[in-house]
Amino acid sequence: MPAVDSPNPKTFFSTPKTVERAKRSLLCSPFHLSLFARMRHQSVSLGAIALENGVKQGYTQRPLSELVCDNALGWLIQVGVLRREVDGQGITDGFRLTPLGYQLVEQLQAENLTTPSWSDRLSDAVTRWIRLPF
């Protein structure tokens, strides 16, 4: 299992299937890599991603409703790429990368990969539809 580098001193391990599914989901998401690069350093709120704000910030190619954004971000939480930001009063509307997400964003930036193949898109759609951990 590959080790996941993180700013924490703890080491996390992910299976190759987990890493592959997370990478595919990240590439197939409606968001640009610039959003995830920003999340490496700070929390990004749903309001900054949805509608025209996402296009202006360079996070999306077209305006996405809050519901579409929330569903896409929720899927990235399920596959282990993102987590919700928490403050003293509970969960906020902000999102951050997990250690796995941090590793994948670094890898994608280094490889300059941003376009998924059709088989990646089909596999991601099927996995999301049946929600089984393949």
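Readers should treat all values here as calculations from the given coordinates under stated rules, not as data from a laboratory. Predicted model, so just to flag it, every value in this text is computed and none were measured. Cβ atoms come from the backbone with ideal geometry, glycine included; neighbour counts cover every protein chain shown.
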Estimated dipole of the chain in Debye, rounded to 20 [Cβ of Lys and Arg +1, of Asp and Glu -1, Cα centre]: 240 debye
In order over region 28-42: 3J(HN,Hα) from phi, Karplus 6.51/-1.76/1.60, θ = phi - 60°, whole Hz, x for each Gly or Pro, gives 7, 5, x, 9, 7, 4, 4, 5, 6, 5, 5, 5, 5, 10, 7
Compactness of the chain as Cα Rg over 2.2 N^0.38 Å, two decimals: 1.01
Using θ = phi - 60° and the Karplus curve 6.51 cos²θ - 1.76 cosθ + 1.60, what whole-Hz ³J(HN,Hα) does each residue of region 94-111 get, with Gly and Pro shown as x? x, 10, 9, 7, 7, x, 5, x, 4, 4, 5, 5, 4, 5, 5, 5, 5, 7
5 Å is the cut-off here: which amide hydrogens, built 1.01 Å from N in the peptide plane, fall below it relative to residue 80, excluding neighbours closer than 5 in sequence? none
Within 10 Å of each residue's Cβ, count the other Cβ atoms and sort 118, 75 from fewest upward. 118, 75
For region 34-76, count the residues as N, evaluate 2.2 N^0.38 Å, and divide the Cα radius of gyration by that value, please. 1.04
